[in-house]
Amino acid sequence: MKKHLLPLCSAVLIASLTLSGCGGGVKKVNSDDDSVSVTISYWPNSETDAERHALYDTYLDQMKKLYPNITIIPDEEGYGIDNFMVLAATNQLPNVYRKPFTEPQQIINAGYALDITKAVTEYGYDKGINPDIMKISMKDGKYYGVPYSGYMIGMAYNVNVFKKAGLVNSDGSLKLPTTYDELVETAKIIKEKTGIPGYAIQTANKEGGWAFMNIAWSYGVKFMEQKPDGKWVSTFDTPEAVAALEYIKDLKWKHGVFASNVLIDSNELQKLLATDRIGMCILAESAPASIVTKYKTDKDAIAYGPVMKGPSAQVSQVGGDIYMFSNNTDEKQVDAAFKWFEFLGITPNVGKDYETKLEESLKADIAADKLVVPKSLKLWVNKERTSIDDALYKKYSNANPLYWTNAYPDTVKIQQEEPVCAQNLYALLSTAMQNVLTDPNADCAKIIHDASETFQKDYLDKQ
């Protein structure tokens, strides 16, 4: 969540975005010279990811031998919220940039994404990528991105806290909750037996809304719908949304299991989990690896599993990163980038070196003492590729199988980000959470009503 771009529903912001022109098809190149250079962002950082950076240096040499005419220009920048807009508006983005799943539709609508349909179909990505993932960067039947990584939202647990509370089975596994009601009871046991808050959730900035929506969807909340005339209507002024917000409120005021500081972001939440100061929290599947790296937390100190089952369903928002192309990229550069993707293994196609490169990558992670775990979410539908992935991740996984379970069992429903003005909705729901966690007398029904009304008037009506 922390890498979300910005609320593109703002009229002023949309105006500034469209100044740079609309995205279109790949520019054709009329030249007999077959040499081409392409800039790839999000390159492994030479200081913070030295092992992988060194590995990519060797890949550059190997790529050059395979394709002497192609020059890959590394760019270690991540292009987050602070600099993406400036570079986009002045047509200075790198040829290939990487963005979270929450941003492609915003970028496409703003005109900063190149239509790469021709390359996607020619290289067979349209038939080899999980269709639920591929449509994240599609619009009107056209392709604008290539997925790099994917993960589910699930529950993270502090193993030390669970052991201290006596929540351990005879085989050494943890006694984990499976429903939101069971979560309350587990959190109460932790608080009663250890004095440590059983649960915490991010609430600061827009992160609270992002986390809350995973709960609300499981309560059966539908946040918006599009009418036949194209108009978007807010639909979450409902008993289900009120019940989901009351659940959060009760964790604090009725059950007393919340961390004392209720206004925290995901960084602080991860710190609390890493330092044995909370028992449970909702986190992206990729977060435990970040915790292990950042806080030097023992790999066996964090457990992970799927989201809780709610009264209506068990829903998890999908997350990850997608490679997209800037409008100043021509057809030769797009083709060169796809050859790089194929070389690296960012492809449904399994080349002769794919298994070797994946194994080298996992070995680099192990050498850097990173947490390596099997991926719950499959980006690719090619069985040959998925079988290689499964075998190698099983071989190199260094997570304790007693503490790490699949975040995507058959019971979990994948939920994509809401289609329009999601960032604004996150902000409104974060405020709603903050209100109920700081005021024991907060009226959940009124808060939901006001949030839905504001979402309609200030954002959806301006679409």
Regarding segment 67-75, can at least one residue be identified that is part of a helix (DSSP H, G or I), outside the structural domain of Cys421 (by TED's automatic domain parsing) and among the charged types (D, E, K, R)? no
When segment 138-178 is examined, which residues are found to be at pLDDT below 95 and either in contact with a Lys or Arg (Cβ under 8 Å, 6 or more places away or on another chain) or of a type in the set (S, T, N, Q) (or both)? Tyr148, Ser149, Gly150, Tyr151
Select from segment 143-163 the residues that are without any contact (Cβ under 8 Å) to a residue 60 or more places away in the chain and either buried (at least 16 other Cβ atoms within 10 Å of the Cβ) or of a type in the set (Gly, Ala, Ser) (or both) and list them in ascending order. Tyr143
Residue that is more than 25 Å from the chain's Cα centre (by Cα), at pLDDT below 95 and surrounded by fewer than 17 Cβ atoms within 10 Å (Cβ to Cβ), where the choices are Lys462, Lys457, Lys446: Lys462
Taking the options Glu76, Glu51, name whichever one is of a type in the set (D, E, K, R), in contact with a helix residue (DSSP H, G or I) (Cβ under 7 Å, 6 or more places away or on another chain) and modelled with pLDDT under 95. Glu51
Turns out the helices (runs of 4 or more DSSP H) fully within segment 355-463 with at least 3 residues that are free of Cβ contacts under 8 Å to residues at least 12 places away in the same chain are 383-396, 444-458
Please enumerate the residues belonging to segment 85-115 that are surrounded by 21 or more Cβ atoms within 10 Å (Cβ to Cβ), of a type outside the set (Lys, Arg) and out of contact with any helix residue (DSSP H, G or I) (no Cβ under 6 Å at 6 or more places or on another chain). Ala88, Pro94, Tyr97, Thr102, Glu103, Gln105, Gln106, Ile107, Ile108, Leu114
Candidate set: segment 409-443, residues that are acidic (Asp, Glu) and over 30 Å from Gly256 (Cβ atoms); chosen: the one surrounded by the most Cβ atoms within 10 Å (Cβ to Cβ): Glu417
What do you reckon, is Lys332 in contact (Cβ under 8 Å) with a residue 60 or more places away in the chain and in the same structural domain as Pro239 (by TED's automatic domain parsing)? no
Quick count over segment 215-231, residues being surrounded by fewer than 20 Cβ atoms within 10 Å (Cβ to Cβ) and out of contact with any helix residue (DSSP H, G or I) (no Cβ under 7 Å at 6 or more places or on another chain), is 8
Please go through (1) more than 30 Å from Asp171 (Cβ to Cβ); (2) within 21 Å of the chain's Cα centre (by Cα); (3) of a type in the set (A, V, I, L, M) for Leu377 and return the number of the only condition it doesn't satisfy. (1)
Residue count, segment 180-226 (criterion: not β-branched (Val, Ile, Thr) and not in a helix (DSSP H, G or I)): 16
Return the residue satisfying two criteria in turn: it lies in segment 233-261 and is outside any helix (DSSP H, G or I) and either of a type in the set (Lys, Arg) or buried (at least 20 other Cβ atoms within 10 Å of the Cβ) (or both), and of such residues it is modelled with the lowest pLDDT. Ala259
Note: among Ala427, Ala391, just one is hydrophobic (A, V, I, L, M, F, W, C) and within 30 Å of Asp450 (Cβ to Cβ), namely Ala427
Residue count, segment 262-305 (criterion: among the β-branched types (Val, Ile, Thr) and assigned to a helix (DSSP H, G or I)): 3
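The values are calculated or read from the model by the stated rules, or taken from the named source; none is laboratory data. This one's a predicted model, so the numbers in the text were calculated from it and none came from an experiment. As a convention, Cβ positions derive from the backbone with ideal geometry for all residues, glycine included, and neighbour counts pool all protein chains shown.
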